Amino acid sequence: MLAVNPEVEEDDIATDIELRKEVSKDSKAKQKYEARRRIDDLLEQKRLRQLLDDWDLEE
């Protein structure tokens, strides 16, 4: 089985914290933050699907 290692970078965490601070300032920043979160979620789903596909091929 493959080990799943989350790929979290410090820059991403810092950016996320900065965006959270901006969210309270105005709605445009909130929309930007929500869009980025959706993109991150989709990229994570894609990465996990690829891991599953690779895992199926190895068996």
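What follows draws every value from the coordinates through simple rules; no lab data is involved. Source: prediction; values computed, not measured. A quick note on method: Cβ atoms are made from the backbone with ideal geometry, for glycine too, and the neighbour counts reach across all protein chains shown.
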Checklist outcome for this item: Ordering 29-38, 47-56 by per-residue average of other C-beta atoms within 10 angstrom, highest first, gives 29-38, 47-56
Next on the checklist: Run the numbers for Asp40 and Asp54: contour at 0.36 nm per residue of separation, minus the present Cα-Cα distance, in nm.
Outcome noted: 2.9 nm
Item to check | Simple label model, 7 Å out from Cα along Cβ direction - Arg47 to Gln31, nm | outcome: 2.8
